[in-house]
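Participant: The following block contains the structure, expressed as structure tokens.
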Amino acid sequence: MPNSIEYKVRNLLRRFGVEVVPTRRRAEASLMPLHVARLFDLYGINVVLDVGARVGEYGTWLRTNGYDGWIVSFEPVSASVTELQATASRDKRWRVMPIALGSEDAQAKINVAAMSQLSSLRDVTDYGRSDFGTVIATDHVEEIEVRRLDTVWTEVLDGIADPRIYLKMDTQGWDLEVLAGAGERIADVAALQTEASVQAIYDGAPSHMETLQALGQVGFTPSGMFPVSLDQRLALIEYDCVAVRR
């Protein structure tokens, strides 16, 4: 896991109420690391379900952000799974599930994009093709296993005492399918994070207003909204919505 001087200094300063935001890296830099750290402390989060993990970027971010609890990563794309498993193998509290999550147990086809973090079970819109160009184009299609979260719940949490769960979803237009597949187990989730779409990149993906409505229907209210990507006009494309129990 990364353990740079920069992160050590930042985490130390955070204890004194000071947050360092690395704006040089991205125009969308935000206070999300501080917000998530405060939320994890308040709710005693000790399990993060990392849905749409790719090669482990979010899990690595959690570790550099000071989180030392369990991570369970879900990722179906074969090349990403190989790299993810290599990363997780060095961490005793990091499990990998080589599957996608959705609203039903099934086999499905995923469009693996040239830039793999843009891979999706949905097709790309005209806007997505025009704004993202060749990086979002489908490189190849893979057949994958999709499971409901409530179907694999016992397996996922096996051996973890007193789980206090944060559900992170980043599935390129598929997050509400993941949410639906949690079923009654959503009541066991203390807080969650989902990527909400303002400008549609994928066909059939819910709008951010539909996402907020769906979160409300299962008992959550927004805690923070943080930009993920902006277009050339600095208009918002997507944002991460962190939500907590009402």
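Residues are listed down the side, and each one gets a yes or a no for (1) modelled with pLDDT of 95 or more; (2) more than 17 Å from the chain's Cα centre (by Cα); (3) more than 26 Å from Asp231 (Cα to Cα):
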| position | (1), (2), (3) |
| --- | --- |
| Arg25 | no, yes, no |
| Pro33 | no, no, no |
| Tyr43 | yes, yes, yes |
| Leu49 | yes, no, yes |
| Ala53 | yes, no, no |
| Tyr58 | yes, no, no |
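Participant: Report whether or not Gln199 is surrounded by fewer than 22 Cβ atoms within 10 Å (Cβ to Cβ), part of a loop (DSSP other than H, G, I, E, B), of a type in the set (S, T, N, Q) and touching a residue at least 12 places away in the same chain (Cβ under 8 Å). Reasoning before the result, please.
Facilitator: Values: surrounded by fewer than 22 Cβ atoms within 10 Å (Cβ to Cβ): yes; part of a loop (DSSP other than H, G, I, E, B): yes; of a type in the set (S, T, N, Q): yes; touching a residue at least 12 places away in the same chain (Cβ under 8 Å): yes.
Here the answer is yes, as Gln199 does meet what is asked.
Participant: Restricting attention to the stretch 160-176, does a residue exist that is more than 20 Å from Leu62 (Cβ to Cβ) and either more than 20 Å from the chain's Cα centre (by Cα) or part of a helix (DSSP H, G or I) (or both)?
Facilitator: Yes; the residues of the stretch 160-176 include at least one that is more than 20 Å from Leu62 (Cβ to Cβ) and either more than 20 Å from the chain's Cα centre (by Cα) or part of a helix (DSSP H, G or I) (or both).
Participant: Among the numbered conditions (1) assigned to a loop (DSSP other than H, G, I, E, B); (2) surrounded by fewer than 17 Cβ atoms within 10 Å (Cβ to Cβ); (3) out of contact with any strand residue (DSSP E or B) (no Cβ under 9 Å at 6 or more places or on another chain), tell me where Val55 comes up short.
Facilitator: Every condition holds for Val55 apart from (2).
Participant: Output yes when any residue across the stretch 156-163 is over 26 Å from Ala37 (Cα atoms) and surrounded by fewer than 18 Cβ atoms within 10 Å (Cβ to Cβ), and no when none is.
Facilitator: Scanning the stretch 156-163 turns up no residue that is over 26 Å from Ala37 (Cα atoms) and surrounded by fewer than 18 Cβ atoms within 10 Å (Cβ to Cβ).
Participant: Could you pull out every one of the strands (runs of 3 or more DSSP E) wholly within the stretch 62-147 that has 3 or more residues that are exposed (fewer than 15 other Cβ atoms within 10 Å of the Cβ)? First the steps, then the outcome.
Facilitator: Values: elements: 70-74, 94-97, 106-113, 138-147.
Once the strands (runs of 3 or more DSSP E) in the stretch 62-147 are filtered for at least 3 residues that are exposed (fewer than 15 other Cβ atoms within 10 Å of the Cβ), what remains is 106-113, 138-147.
Participant: So, one more: May I ask you to list pairs of residues, at least six apart or on different chains, whose Cβ atoms are under 8 Å apart, with the first in the stretch 53-79 being within 23 Å of Thr151 (Cβ to Cβ) and the second being modelled with pLDDT under 95 and surrounded by fewer than 18 Cβ atoms within 10 Å (Cβ to Cβ)?
Facilitator: Listed pairs, sorted by first residue: Arg54/Ser116; Arg54/Gln117; Val77/Ser116.
Participant: Another question, then. Looking only at residues in the stretch 211-246 that are more than 18 Å from the chain's Cα centre (by Cα) and polar (S, T, N, Q), which one is surrounded by the most Cβ atoms within 10 Å (Cβ to Cβ)?
Facilitator: Gln213
Participant: Any idea how many residues of the stretch 214-240 are farther than 18 Å from Tyr166 by Cβ and either part of a strand (DSSP E or B) or in contact with a Gly (Cβ under 9 Å, 6 or more places away or on another chain) (or both)?
Facilitator: Counting residues in the stretch 214-240 that are farther than 18 Å from Tyr166 by Cβ and either part of a strand (DSSP E or B) or in contact with a Gly (Cβ under 9 Å, 6 or more places away or on another chain) (or both) gives 6.
Participant: Filter the stretch 1-23 down to residues that are at pLDDT below 55 and assigned to a loop (DSSP other than H, G, I, E, B), then give me how many there are.
Facilitator: 4
The values are calculated or read from the model by the stated rules, or taken from the named source; none is laboratory data. Everything quoted here is computed from the prediction, not taken from an experiment. Ideal geometry is used to build each Cβ from the backbone, glycine not excepted, and the neighbour counts take in all protein chains shown.
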